[in-house]
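Chemist: Take a look at this one; I'll ask things after.
The values are calculated or read from the model by the stated rules, or taken from the named source; none is laboratory data. Not measured: the values here are computed from a predicted model. Cβ: placed from backbone, ideal geometry, glycine included. Neighbour counts: every protein chain shown.
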Amino acid sequence: MADKVTLIIQSGYYDRIYSALVIGTGALSMGMDVSMYFTFFGLDRLKKGKLEKGPLSRMNMLGLGKFMVKRRMKKANVRSLSALMDDYIELGGNVLACDMTMEIMGSSLDEMDERIITDHCAVGTYIKEARESDITLFL
Amino acid sequence: MKGTIRVDVRGETCPVPLVETRKAIRKAKKGEVIEVTGNHAPSKEEIPMAVESLGLELVSVEEKGDEWKILIKIPGGGDG
């Protein structure tokens, strides 16, 4: 069995999604299997066209902070979230949407980006994968 | 060199050198060599770590100024 990483993405902040995708693509690149479980505010980022739309977790300043961070990232040639998500999918990463969050937030699978989502599930699936994992992180 | 796949990640930063190397490894056939050229300093150490994790052969790591060149061989394919 390959080494495994499971990530819970509970937050929808722009910087947290970056952390998730950098760790996810990095682990896949080092030969590990990766599953990301999107729940609560994280799930919003799986909606069509919303991946890049989260605010910064700190110093967002009504979007000014994010604008400045994005400009610096562009200058440093940091790959965009969308491109990193494409890499993540290409390298075989899994993206799972939390059923319960969809229910309480009143969102449906139809709103989600079907290019990204592998499956939807409940907590049991996460626990099963997490107990088999070498690394599990909550973002 | 025949059977060499070239990956140019000069100017790219984390995690792109690692990711592009992995993509090339996935597409490569047995016996092929992958040549990765870049200038992101941590990747010079981390790509060999990935090569080891994946059970591949690290042929060489060369450095010239800020640039480095890493050769990776996919095992198998006749000549070992």
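Chemist: Only residues that are within 14 Å of A:H120 (Cβ to Cβ) and either surrounded by 19 or more Cβ atoms within 10 Å (Cβ to Cβ) or out of contact with any helix residue (DSSP H, G or I) (no Cβ under 7 Å at 6 or more places or on another chain) (or both): list them for segment A:14-49, please.
Modeler: Scanning segment A:14-49 gives A:S35, A:M36, A:Y37, A:F38, A:T39, A:G42, A:L43, A:L46.
Chemist: Tally the residues that are touching a residue at least 24 places away in the same chain (Cβ under 8 Å) and assigned to a loop (DSSP other than H, G, I, E, B), restricting the search to segment A:105-139.
Modeler: Residues meeting the conditions: 12.
Chemist: Which of the numbered conditions does A:A122 fail, given that it passes all the others? Conditions: (1) surrounded by fewer than 18 Cβ atoms within 10 Å (Cβ to Cβ); (2) at pLDDT 95 or above.
Modeler: Checking A:A122 against (1) surrounded by fewer than 18 Cβ atoms within 10 Å (Cβ to Cβ); (2) at pLDDT 95 or above, the one that fails is (2).
Chemist: Could you tell me whether segment A:31-41 includes any residue that is within 24 Å of A:T136 (Cα to Cα) and among the charged types (D, E, K, R)?
Modeler: Checked segment A:31-41: at least one residue is within 24 Å of A:T136 (Cα to Cα) and among the charged types (D, E, K, R).
Chemist: Would you say B:V51 is surrounded by 12 or more Cβ atoms within 10 Å (Cβ to Cβ) and away from chain A (no Cβ under 14 Å)?
Modeler: no
Chemist: For A:D86, are the conditions met, namely being under 19 Å from A:G42 (Cβ atoms) and either surrounded by 15 or more Cβ atoms within 10 Å (Cβ to Cβ) or of a type outside the set (A, V, I, L, M, F, W, C) (or both)?
Modeler: The answer is yes for A:D86.
Chemist: Have a look at A:M73, A:M112, A:M105 and point out the one that is surrounded by 13 or more Cβ atoms within 10 Å (Cβ to Cβ) and in contact with a strand residue (DSSP E or B) (Cβ under 9 Å, 6 or more places away or on another chain).
Modeler: Exactly one residue qualifies, and that residue is A:M112.
Chemist: State which residue is surrounded by the most Cβ atoms within 10 Å (Cβ to Cβ) when the search covers only segment B:4-25 and only residues that are touching a His at 6+ places or on another chain (Cβ under 8 Å) and more than 7 Å from chain A (Cβ to nearest Cβ).
Modeler: Filtering first and then ranking leaves B:P17.
Chemist: Do we find that A:L139 is within 16 Å of the chain's Cα centre (by Cα) and under 20 Å from A:G42 (Cα atoms) in this structure?
Modeler: So A:L139 passes the test.
Chemist: Please specify each residue of segment A:8-66 satisfying the condition of being touching a Phe, Trp or Tyr at 6+ places or on another chain (Cβ under 9 Å) and of a type in the set (D, E).
Modeler: A:D44, A:E52
Chemist: Turning to a different aspect of this structure: When you go through (1) surrounded by 15 or more Cβ atoms within 10 Å (Cβ to Cβ); (2) free of Cβ contacts under 8 Å to residues at least 24 places away in the same chain one by one for B:H40, which number turns out not to apply?
Modeler: (2)
Chemist: Quick check: is even one residue across segment B:63-79 within 13 Å of another protein chain (Cβ to nearest Cβ) and within 18 Å of A:E90 (Cα to Cα)?
Modeler: The answer is no; no qualifying residue exists.
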